[in-house]
Amino acid sequence: MVKTVFKNILQILIILIFNNFLAQETPEKLPKNAVNDTISKKDTIVVKKESLDDILQTKADDMRRDVPKKMTYLNKNAQVKYQDMQIDADYISIDEEKSIMFARGKQDSLGKKIIEPVITTQAGKKYETTEFSYNYKTKQAIAYNARTEESEGVIVAQKTKKYNDSVFFMRRGKYTTDEYFLKKKDTVADYYLLAPHIKLVKTKNKSQIVTGPIQMYIEDVPTPLVMPFAVLPFSDKRSAGILIPSFGERQDVGFFLNSIGYYQPIGEHFDVKILADIYTKGSWNLRPEMNYVKKYRYSGNFSADIGTTVRGIKGLDDYGKTSTYRIAWRHTQDTKANPFLTFSASVDIVSNRFYNNTINNNYIFNQNVLNTQQNSTVTVTKRFLKLPVTITGTASYSQNFATGNSDLRLPQMNVAINQFYLFKSKTGVRQGLLENITVNTGLNLSNYVTTTEGELFTAAMWDKLQTGLKNNISLGTNTTIAKFFTFSLGATIDNALTTKTLTKYYDPVINKDIDVVNKKLAGYSIFSTTASLQTTLYGMLKFKKGSVVEAVRHMMTPSIGFTYSPDFGGSNFGYFKNYYNANGALTTYSIFEKGIVGQPTSGMVGSLGFNIGNNIEMKVKSKKDSTGVKKVKIFESLNLSGSYNFAAKTHPWSIFTISGQSSFFENKLSVNTSLTLDPYKIVFIPGQDSGVRTEDFGHFSVQGFNVQLSYPLSSEIFGEKTDYAKKYSQKGEIRNENYYFDDDNYSRFGQTWTLNINANYAYTRNLTREGNKIASVGLDGSIKLTPYWNINGSTHYDIVTKQLAYTRIGFARDQRSFTINFNWVPFGQYKVYDFFIGIKANILSDALKYKDRSFTQPNSPF
């Protein structure tokens, strides 16, 4: 009886347990928080609405569910989709109780190394990790060895924690822009930035990386480039930020921080940059800069350098303190903005001692310290649709650092009338002298003063200001005579008006010639006429058959011209006056001398000038040419010119000039030469170096000679072009992809090089006993040692002084994603070396670089 009851109870319990399992595993009776567990490759996990905001879709080759532990396991080709996130991995586990998904990449046969990563895609962004844990309730995640691509670079972090869709924290993150590493052509980046802690912040329009201490590694080797922090904005839009300085040492001013500052965009059209240079010996410099641009209208920038340079030790003789300034403005108008009214500005005003005392190191590398003059110009041009007139207004300022003087033209206006024909053509085709008469005319108003920096815009400067008005009228015409001659006529009329004139006299009290400037309105008018005749002659000299030279062709273009102008130095014009100088000699001077409008000519001119132009070529046999003949230029041009003044009382013949230009060796060697000859005999008084021209004609002494040679050499001239892809079957991979390898595994590549040789010799005498000579030889070239290594440089040797002039040597290394440059100037006043590492990626090109520089004390008295 007892056994029977126990047996029935046991059967009831078994049925209840079985029914309970049926209730859990039958799809029709599944509760809302249950998980559907089958062996199919696709399945859906439906959980309570309060646990999931969307359906959790799963897929795998092998799926298993642990109901008591509320776990789901996906193996091989596992995939989970939830909202905008998709996880692809070799293994995924889902913990329903903790709302956590864990994913792991594919392991090797020993289970020690991940050989295929976990791929997580969210909002179109792809992330690669070895292990990934995600809480789908809080949307927080932790990833190991995560690979995140941002803009032009990629971040690989040992551990990454996602707080939400916008904020990520990373531990021991490496950032690089190496293209090979990005495209997975290489497993090791050629450089990276290593930071112990990184914060990645994402918004709708941009992303931004903020790090603590960060260090640059090259080929896994640490470099001295360590920054206390870094902010990298990944956005097409401009963003404000701190500008990292360069550092180094200059012998004259000490250790420095260069270009430390802040960048701030202002609206759509402006941005501002404020930079500072700080030196340990007390020098400082502040450099504000502003850029502006309006598309299709204009663009420009303002900049300034304001600072103090301190050299030496206070209390000692070598101590010096100098204040400097520089103000610059550049403005360019788009050509499409207004074709009838244009405005441009190029203003660069500096203190006279600025370049001798600059602490902005860029001026040394750009060789601005060698400047002897600085020019500034502001120009407004007005054109008209129906009028043939162009009006140009200009304000200019020119500084001469050698003299300390400045030339100011404020303002200057030019009214130009387009060339026009004086008479209309009767037949539609212009013929004869009358129908070909052209007129060119214009009006020029100028205000000019030479002043010093201290007098600028003071009463003393305005008192010295000169105002001048000039008008020029040119008439010209030409016609053909006897089919072979071109006859030309011309006339020029110059009219001038000025507000100041000159009076000269000798003061016996101080025994000195005195110049007195009169504030008086005066003017002059002068004219000259010309007539010329020109033709072209051809000659051919042919050689016998079988000769290497087949023929020589000579083209000659002779021309003669006569110029006449009356003597405007006569007393009836009043343009010239006489006075007795300190030596008691009667001296003639012009009242417009040293004036803004120039001075009229004195003495009658009735000069007959001539010019003979020559071009000589020859034809030689050549097997290289398809026609069997090639042309060789003996003289591209060979000109002889001079003149004879019939109205001159002494020395009617002018200096004779011979100039030539030619090229040899298939136009590689270029030769330019000129020679000036004085036809009159020059005699020298014993003990004096300056000679006197006599009236003895026919001696033709050399007064000047110049020859310039240029010969460019290159690998293309001497070497044969090789198609390495066809000649060698093996091509390098990853870092050696620009190389080809022969059967012995030796690398082959095109080793290009260039070498330009320049030589110059100049001799000038100018009535002196001993002439001056200038002779130099220059070399400028480059050679590519490998596809990634390049050496370039230039040097000049002065043959007269037997010294090396400016010499520069440079090395460049293309390191895939960044470049390394080293430039060295070993000789001269500024001995400089410059070492530079720069990232190619646009996002880091201005922010990430390393410079190490050295300077010598410049030979300056300031």
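Key figures for this structure:
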| quantity | calculated |
| --- | --- |
| Estimated FRET transfer efficiency (LYS802, SER747; beta-carbon r; R0 35 Å; 0.05) | 0.25 |
| Cα-centred dipole magnitude for the stretch 468-644, charges only on beta-carbon of K, R (+1) and D, E (-1), debye, nearest 20 | 1180 debye |
| Cα-centred dipole magnitude for the stretch 655-814, charges only on beta-carbon of K, R (+1) and D, E (-1), debye, nearest 20 | 220 debye |
| Summed residue charge, Cβ within 15 Å of TYR746's Cβ, Lys/Arg positive, Asp/Glu negative | 0 |
| Ratio Rg/Rh [Cα only; Rh per Kirkwood] for the chain | 1.14 |
| Local electrostatic count at LEU541 - Lys and Arg +1, Asp and Glu -1, tallied over other residues with Cβ under 15 Å | +4 |
| Hydrodynamic radius by Kirkwood, which averages 1/r over all alpha carbon pairs of the stretch 278-334, in angstrom | 13.7 Å |
| Helical mean residue ellipticity (222 nm; -39500 (n - 2.57) per DSSP H run of 4+; nearest 500) of the chain | -1500 deg cm²/dmol |
| Positive-end extreme of charge dipole, the chain - chosen from SER133, LEU225, ILE783 (charges on Cβ) | SER133 |
| q = 0.19, 0.20 Å⁻¹, the stretch 372-464: log10 I(q)/I(0) [Debye, one scatterer per Cα] | -0.92, -0.97 |
| Net charge over other residues, Cβ less than 9 angstrom from the Cβ of GLN208 (K, R count +1; D, E count -1) | +3 |
| PHE664/ASN766 FRET efficiency (R0 35 Å; Cβ-Cβ; nearest 0.05) | 0.65 |
| Angstrom value of the Kirkwood radius, inverse mean 1/r, which spans all Cα pairs in the stretch 568-629 | 17.3 Å |
| Contact order relative to length of the chain, as percent, for alpha carbon pairs under 8 angstrom and 6 or more apart | 5 percent |
| The stretch 633-729, relative contact order in percent, only Cα pairs under 8 angstrom and at least six apart counted | 22 percent |
| Principal axis dimensions, the stretch 605-739 - Cα atoms, whole angstrom, descending | 84, 43, 25 |
| Dipole moment magnitude, nearest 20 debye, the chain about Cα centre, only Lys, Arg, Asp, Glu C-beta charged | 1700 debye |
| Difference of contour (0.36 nm per residue) and Cα-Cα distance, LYS544 to SER715 | 57.8 nm |
| Quarter of Cα convex hull surface for the stretch 526-603, i.e. mean projection, nm² | 10.9 nm² |
| Interatomic Cα distance distribution for the stretch 468-644, bins of 5 angstrom, percent | 1, 7, 10, 11, 11, 9, 9, 8, 7, 6, 5, 5, 4, 3, 2, 1, 0, 0 |
| For q = 0.12 Å⁻¹, Debye-computed log10 I/I(0) when each Cα of the stretch 655-814 counts as one equal scatterer | -0.75 |
| Translational D in µm²/s for the stretch 415-539 (Stokes-Einstein at 25 °C, 0.890 mPa s, Kirkwood Rh from C-alpha pairs) | 128 µm²/s |
| Square roots of 5 times each gyration tensor eigenvalue, C-alpha, the stretch 77-152, largest first, Å | 19, 17, 10 |
| Translational diffusion of the stretch 383-432, µm² s⁻¹ [Kirkwood Rh, Cα pairs; Stokes-Einstein; 4 °C; 1.567 mPa s] | 87 µm²/s |
| Over 18 Å (Cα to Cα) - which of LYS159/LYS184; LYS470/LYS500; LYS294/LYS336; LYS161/LYS199 fall in this group | LYS159/LYS184 |
| Backbone N under 16 Å from the PHE527 label point (7 Å along Cα→Cβ), restricted to the stretch 560-577 | 563-568 |
| Estimated FRET transfer efficiency when R0 is 41 angstrom, pair THR452-ILE560 (beta carbons, to 0.05) | 0.25 |
| Ranked packing of 544-551, 671-678, most packed first, by mean Cβ within 10 Å | 671-678, 544-551 |
| Mean Cβ count within 10 Å, highest first, over the residues of peptides 100-113, 125-138 | 125-138, 100-113 |
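Read the figures in this text as sums done on the coordinates, not as results from a lab. Note that the structure is predicted; figures quoted are calculated from it, not measured. Please note: Cβ atoms are built from the backbone with ideal geometry, for glycine as well, and neighbour counts cover all protein chains shown.
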